[in-house]
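Values quoted throughout were computed directly from the atomic coordinates according to the rules given, and no laboratory measurement underlies them. Just so it is clear, the structure is predicted and the values come from calculations on it, not from any experiment. Quick reminder, even Gly has a Cβ in these numbers, built from the backbone with ideal geometry, and neighbours come from all protein chains shown.
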Ligand code: FAD
């Protein structure tokens, strides 16, 4: 059995694995796709101490760093379920893979990340990273002085609009419903900004581009049924971040109402020996540098747990 088994190979998982291996304990890492969301990222300009890099390049660095240590990497393996130690006969935590294999561990760190909810309209995939963006903290500055749209009028959408308004020329917010679901203080702030326009009852129907970049979008006015066009260079999709926690439904690990793993100060979950870090957890603000910090913290938390609890 592993002392620490990390589930997930994004920035949080890589960091957790390195911190564990540096303690000289038996460490494994199982991931569906090494690199996680970073693999899908083009420009990264907010990874402190590296002025600018690209996703695949950063992932290469992560992999090299993990491989420098004695970590058992099981890539391209999907985890289907986790059985907490109090439910197994041998007292180990069991991690069950999609292929039926069963891994055993004294502690596990879940770092399975999240995925942005997509609009599922024509052009969205084609122009992903070519104007279609999901993270204003990351990509906002790429649209300096240009016209942009934000899809979604919840807290994240209105926050994005306020954030972008200070950088870009103009922001159009498109909300599907007839009301905004954001906090009133955010709505008031957005309404006070001269370069933010909010359109309700608007269903985005298509992303348009010139073959290389986004040039605009079409939406249906849900009152009149009319299709309207907005000229923009960037579209920020803010209709929700979905945590990859479905496989934990049977584990009894406490999840928030959004499906995020509820963690404490040391990355611990509601089940002994099971820790979690990064975008899959309740930690606010989902960023690479935060995921790495959280991964190291959960790993130290797991080590602390191991030295206080004897092996079964
Ligand atoms: P992830 O990166 O999501 O990694 C999750 C890992 O778990 C993956 O290895 C995945 O394969 C694995 N996994 C999931 N489910 C299972 C399962 N059932 N079994 C086994 N393995 C599983 N942040 C920044 O700081 N700067 C940026 O510029 C930036 N740009 C971004 C651009 C885009 C397009 C996107 C999508 C995100 C961007 N982010 C950026 C956010 C950043 O990528 C995330 O905050 C970060 O990757 C979270 O790390 P994580 O390790 O928690 O999860």
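Only helical DSSP H runs with n ≥ 4 go in: add -39500 (n - 2.57) per run for the chain, normalise by residue count and round the 222 nm mean residue ellipticity to 500 deg cm²/dmol.
Taken over the chain, the calculation gives -7000 deg cm²/dmol.
Taking Cα centroids, how far is the range 107-156 from the range 30-50 in Å?
Cα centroid of the range 107-156 versus Cα centroid of the range 30-50: 14 Å apart.
Once you have a ≥ b ≥ c as the square roots of the Cα gyration tensor eigenvalues for the range 1-80, tell me rounded if a/c is under 1.5, and otherwise prolate or oblate according to whether a/b is larger than b/c.
Verdict is oblate for the range 1-80.
From a point 7 Å beyond the Cα of residue 90 in the direction of its Cβ, which residues of the range 1-34 have a backbone N at a distance under 16 Å?
1-5, 26-28
Want the number for residue 308 to residue 184: 0.36 nm per residue separation, take away the alpha-carbon distance, what's left?
39.9 nm
Nearest 5 percent is fine: what portion of the DSSP beta bridges confined to the range 137-250 is antiparallel?
50
Note down the relative contact order for the range 162-312 as a percent, whole number, built from C-alpha pairs under 8 angstrom at least six residues apart.
12
Classify the range 254-312 as rounded, prolate or oblate from the Cα gyration tensor: take a ≥ b ≥ c as the square roots of its eigenvalues, call it rounded if a/c is under 1.5, otherwise prolate when a/b beats b/c and oblate if not.
Oblate shape, in that a/c is at least 1.5 and b/c is the bigger or equal ratio.
Of all beta bridges DSSP finds with both residues in the chain, what is the antiparallel percent, to the nearest 5?
Restricted to the chain, the bridges split so that about 45 percent are antiparallel.
Taking R0 as 30 Å, what FRET efficiency do you get between residue 246 and residue 215 from their Cβ-Cβ distance, rounded to the nearest 0.05?
Given R0 = 30 Å and the Cβ-Cβ separation, E is 0.25.
Using every pair of alpha-carbon atoms in the range 38-134, split the distances into 10 Å bins beginning at 0 and state the percent of pairs per bin, rounded to integers.
12, 29, 30, 22, 7, 0
Report for the range 197-312 the percent antiparallel among DSSP-assigned beta bridges with both residues inside it, nearest 5.
95
Does anything in the range 205-235 have its amide N under 15 Å from the 7 Å Cα→Cβ label point of residue 169, and if so which residues?
Label zone hits: 214-217, 230-235.
Let me have the relative contact order for the chain, percent, based on Cα pairs under 8 Å that are six or more residues apart.
21
Calculate how steeply helix 155-165 sits against the longest principal axis of the alpha-carbon atoms of the chain, using the helix alpha-carbon long axis, and give the answer as 0 to 90 degrees to the nearest 10.
In the chain, helix 155-165 runs at an angle near 60 degrees to the longest axis.
Please rank 32, 54, fewest neighbouring Cβ atoms within 10 Å first, as an exposure proxy.
With the sparsest Cβ surroundings first, the list reads 54, 32.
For a footprinting-style exposure proxy, rank 5, 58 by other Cβ within 10 Å, fewest first.
The order, fewest Cβ neighbours first, is 58, 5.
Taking the beta-carbon count within 10 Å as an exposure proxy, list 299, 192, 107 from fewest neighbours to most.
Neighbour counts put them in this order, fewest first: 192, 107, 299.
Using 1/(1 + (r/R0)^6) with R0 = 25 angstrom and r between the beta carbons of residue 146 and residue 206, what's the FRET efficiency to the nearest 0.05?
Between residue 146 and residue 206 the formula returns 0.80.
Sequence gap at least 6, Cα distance under 8 Å: using those rules, report the relative contact order of the range 195-262 to the nearest whole percent.
Taking the mean separation of contacting Cα pairs over the length of the range 195-262, I get 19 percent.
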